[in-house]
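One structure is given below, encoded as structure tokens.
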Amino acid sequence: MGLTGTGLANQSSRMEKSDEKGRKATDCVHAGTQSGRPEDGLNTPIIASSAFDYRTDGQVRYPRYFNTVNHRAVADKLAALEGAEAGLVTGSGMGASSAVFFSLMGPGDHAIVLRGLYGGTTDLIDNLLKPLGFEFSEWSGRPDELPGLVRENTRLLWVESPTNPLMQIIDLAETARACRQRGLVRVIDNTFASPVNQRPLELGFDLVMHSATKYLGGHSDLIAGGLAGSGALIEQILPNAIRLGSAPNGQDLALLERSMKTLEIRVTRASDNALDLANRLPALDGITEVYYPGLESHPGHQVATRQMDRYGAMLSFRLARGTDPEAFLDRLRLIRPAVSLGGVESTICQPSRTSHAKLAPDQQGDLGIDDRLMRLSVGIEDVRDLAGDLYQALQ
Ligand SMILES: Cc1ncc(COP(=O)(O)O)c(C=O)c1O
């Protein structure tokens, strides 16, 4: 378990917003590193063992218990970046989400979830948690509609912002205020924004969840997840994360720790690229709608400006009716059609066939998802090459 031990995390949570940019870059590089012995050098050593002598220091060490230095290093770095007391790094984003639901509620308890979450989260809710007797209500995202959904047995609120794939923005401070008195645990999947662009704990949320497979990993070569929140919440979730078997191994953790050192620089560059592209796309023939919170025309623009440092590197657009989605994808030369997101390379996908494929066609339709909707994960390439690729593929 990664209760922050370095002190860096606690200091960063007290910094003014204007100072945060510098701190984030520093925390990306330094926070959490677990190298004390001269022979370790500058980096956390990679622990390759799964067997430890249990008599040496009174601790039963075992990687599934999240208690190697590699688990601690990444958990502490994530906690520092989110301004949290504690962190936990899991074997996948879904491993983190499952551990949260099973720890903070049980059969007969109720949760409020934002309509239009990542498809895997909806699948977990519909096909595992509901059949077990967990109760859920969907929420539109409007804070004034939240109090009406709260019941006696409501235990948690689960949101995303920006949402996948239509980039809806939730007013996080307002949402946190709307259910502050009610004792709910407010959870956010912060995968799309990353802690570089948005730190929900500062806005009144209690727990942040990540698919670390995305921006935290950043190179499309590992699967991991993460949580950050109070020490008490992480302590509450840890036993179930152990029971569910969601601990990552030392090699993946070392790769993730190394990747997170460049998180700030990658996300900043990719977000700047995305803003640039989003401004160019509406002028292109063959595109009818562009969904990006950095555009003034986006309904969540003002809220996003208030609560995010940049608008993120994810954007979606809809092809015009006359444009064949398959042919468009085939014509792209640089931007790769792929599931997943958040890598240094730009990728594109149809949510109808990837992230939201498990939803029934009418569920997809209600969310505004069809085969012409394209979700672009903007990478760190030269933006002129990305714009050129989209332009030639639309010709
Ligand atoms: C927003 C969001 N949350 C959670 C997940 C699940 O993460 P993982 O695939 O690492 O389990 C994903 C994966 O695509 C995602 O996009």
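Observations on the structure shown:
- Taking Cα centre as origin and charging only the Cβ of basic (Lys, Arg, +1) and acidic (Asp, Glu, -1) residues, the dipole magnitude of the range 2-263 rounds to 220 debye.
- Shown for 188, 348: other C-beta atoms within 10 Å of each C-beta, ranked fewest to most, produce the order 348, 188.
- Residues 242, 380 in ascending order of nearby Cβ atoms (within 10 Å, fewest first): 242, 380.
- Beta bridge orientation in the chain: antiparallel %, DSSP, nearest 5: 55 percent
- Ordering 134, 71, 104 by the projection of their Cα atoms onto the charge dipole of the chain, which places +1 on the Cβ of Lys and Arg and -1 on the Cβ of Asp and Glu, puts 71 at the extreme positive end.
- Under a Gaussian network description of the chain, with springs only between Cα atoms under 10 Å, the residue in 284, 227, 114 that fluctuates furthest is 284.
- Simple label model, 7 Å out from Cα along Cβ direction - residue 138 to residue 35, nm: 5.0 nm
- When GluC sites (Glu not before Pro) are flagged only if DSSP places them in a loop and at most 11 other Cβ atoms lie within 10 Å, the longest unflagged stretch of the chain comes out as 153-295.
- With contributions of -39500 (n - 2.57) from each DSSP H run of at least four residues, the per-residue ellipticity at 222 nm computed over the chain stands at -10000 deg cm²/dmol.
- For the range 16-102, applying the loop criterion from DSSP together with a ceiling of 14 other beta carbons within 10 Å to the trypsin sites (Lys or Arg not before Pro) yields 55.
- With the convex hull constructed from alpha-carbon coordinates only, the chain shows a mean projected area of 19.7 nm² over all directions.
- Förster radius 22 Å - calculated FRET efficiency between residue 149 and residue 362 (Cβ-Cβ, nearest 0.05): 0.45
Each reported figure results from applying straightforward, stated rules to the coordinates on display, with no laboratory input. Here the structure is a predicted model, which means the values were calculated and not measured. As a convention, Cβ positions derive from the backbone with ideal geometry for all residues, glycine included, and neighbour counts pool all protein chains shown.
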